[in-house]
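A short reminder: the numbers here are calculations on the coordinates, not readings from a lab. Being a predicted model, the structure only gives us computed values, none of them experimental. FYI the Cβ positions are ideal-geometry reconstructions off the backbone, even for glycines, and counts take in every protein chain you see.
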Amino acid sequence: MTGLLDLPNELLVVICSSEAMFSEDLFRLALVCHRLHPIALHAFFALTTVGFGVESRSLTVQMLTSGPDALSGLCAALFPLPPIEELFIALPRVLSPTQIVYTGWNETKYLPMHLRRIEAFFKRFIGRAALKMVKIQLDEYRTDMWSGASESARADAAQHFKSCFNAVLGAGCETLAVHNGGFYLGSTPVPPAEPQVHERESAGVANIGTKLRRLFRTRQSKDNKSKDKIDKPQSSSLPTNSRLVSFDIGSNVLLSPEMVDWTTGVLRSSPITHLVFSAMTCGSTFYRLLQIAVARPGITSFSLRDAEFMTEFDHIPVALDCYTKLVHLSISGRHIYLNIPPHFHLFLPYLETIRAPPLFIIGLLSRRSPWQIPRLKAVYVSWSKNIHDAGSGLEHMYDLRVLAASVSEVTNLLDQHKLRPIIGIKTEGALWQQDTSSQFTFEDLSPELQSILKRVSALEISLFMMPGDLDFIQHWTRLFPSAKQAKIELGDRFFDSEWNVSVEHLGREIRRRTQLEKVELNGKHFNFSRLAKE
């Protein structure tokens, strides 16, 4: 060890960056002395996290692999950490496709242990970084999580979740998102498992790494084994100093009978102004949407995802009627029949921005009394194909001419009320690949429909980034020649090693293949008009 400390910093960096070193070895090496600490720990974070760097603002850890070590390392670091504002924590899946029902909470493969480690991290991490957003992805813990579990097991699980989430709120988190998993996880991929030694690595560096591993390897004692025992959660009472302003309810866990009181308690006690809600979390209990609305009626921004799962659409306007101060409303659902029943008089006097299916917007603008019409500044028509309509003979309902007719009806109502908002279209690219829309171009439409689509000035697109989706971006944007700005959300698969494509590369392709001037890709902004001038 003395000889190691005599080496220059440059060589120490090479040794610590060697793929012969494992994360646990680097962590132990970081505790040897102050000189080795930052060198070893930076290499440690490169192995255990995604996104760690000098100016990193977003960090992802995967509890299935090295996430627990990464959380410990963040707390142990003696040097100033990057200005991390967003932390994504992905919990491991516990159910295989064939293992749907299990009989006990403890069969979830150490989920209680992961929750306790996350809780301990936030209690120790207070003051180290100003975390504004925390997203916890539960992956496969869906409705099946509770199937077959006894009442005592469900209660035990709920206590662990409450205690963990309370620690997050107690750390000053401003945005909390709890998801069941699914396709999107921010804009960063899940970190891979620790790499094996590459054959091309120099024999000398690999040799040093091997010797260091032998030096650090010690037989674990019974005392060491006992440190991983799971303690009972300390408290399920809500923190009194919650700074939560945005709450994303994307997991049925939060709406289970054992957790719903905690969830509504957070809504009542926190200064929440922005609420995101996935209709998939309701299951058959659609009244949960109204229960959530009653708990926090003063929000100014509400987003309802997966609205097609609300088989009784009346629940949506009933819940919205509670939000009397709503300014921004977004309803995304792959169902063209999502609307406001004619007998229901929904009144949203402060609404400025709406993203919703065309029939819903038309219903909102078709009120008899002018004073019931909100003074809208931006209207985005949501146009996404219902996957269940594939092969059902309803494909013609998603024809481009039908979209143009819907936009026409919306713009006519806006003109009647003397409103001149931004007109936009919100869609999902992957759902159009097998659609007849790809057969149409702007030139194929009648002059009347062309003039309607020219009023569209903004686009929003969500993509799975499957092969051909870049072609879709090119084709779709050219259908709206007046659209100069777009917001594009990409699935993480686009950035894995198989695709080997970055946000910057995609930005360059969009600049080359479309007329867009301002584009936002997963939060990164591109100004192509400024680049053209330069």
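Relative to the present Cα-Cα distance, how much length would full extension add between A155 and V402 at 0.36 nm per residue of separation? Mind showing how you got there, number by number?
On the way: separation 247, 0.36 × 247 = 88.92 nm, distance 5.02 nm.
Between A155 and V402, full extension yields an extra 83.9 nm.
Do any chymotrypsin sites (Phe, Trp or Tyr not before Pro) in region 266-357 lie in a DSSP loop with no more than 16 other beta carbon atoms within 10 Å, and if so, which?
Values: sites: F277, F286, Y287, F302, F309, F313, Y323, Y337, F344, F347, Y350; in loops: F286, F313, Y323, Y337, F344, F347, Y350.
Here the chymotrypsin sites (Phe, Trp or Tyr not before Pro) that fit, given the DSSP loop and packing criteria, are Y337, F344, F347, Y350.
C33 to R128: FRET efficiency via 1/(1 + (r/R0)^6), r the Cβ-Cβ distance, R0 25 Å, to the nearest 0.05? Present the calculation step by step, with values, prior to reporting the outcome.
Details: r = 22 Å, r/R0 = 0.87.
For R0 = 25 Å, the calculated efficiency reads 0.70.
Quick check: residue separation of S269 and L78 times 0.36 nm, minus the Cα distance between them. What number comes out in nm? Don't skip to the answer; put the middle values down first.
Working: separation 191, 0.36 × 191 = 68.76 nm, distance 3.51 nm.
This chain segment gains 65.3 nm when fully extended.
How large is log10 of I(q)/I(0) for region 1-88 at q = 0.17, 0.18, 0.26 Å⁻¹ when the intensity is taken from the Debye formula with one equal scatterer per alpha-carbon?
-0.67, -0.75, -1.40
Within region 265-346, list the trypsin sites (Lys or Arg not before Pro) lying in a DSSP loop whose Cβ has at most 16 other Cβ atoms in a 10 Å radius.
Passing both the DSSP loop test and the Cβ count: K325.
If you take the beta carbon distance between D261 and L7 as r and set R0 to 60 Å, what does 1/(1 + (r/R0)^6) give as a FRET efficiency, to the nearest 0.05? The partial results should precede the final answer.
Details: r = 58 Å, r/R0 = 0.97.
That pair, D261 with L7, gives E of 0.55.
Taking the Cα-to-Cβ direction at L419 and at F344 and moving 7 Å from each Cα, how far apart do the two end points lie in nm?
For L419 paired with F344, the spin-label model returns 1.8 nm.
Which entries of K426/K524; K135/K162; K135/K484 show an alpha-carbon separation above 21 angstrom in the structure shown?
Working: K426/K524 19 Å; K135/K162 15 Å; K135/K484 32 Å.
Pairs exceeding the cut-off: K135/K484.
Simple spin-label model, 7 Å along Cα-to-Cβ: S502 to R478 in nm?
2.9
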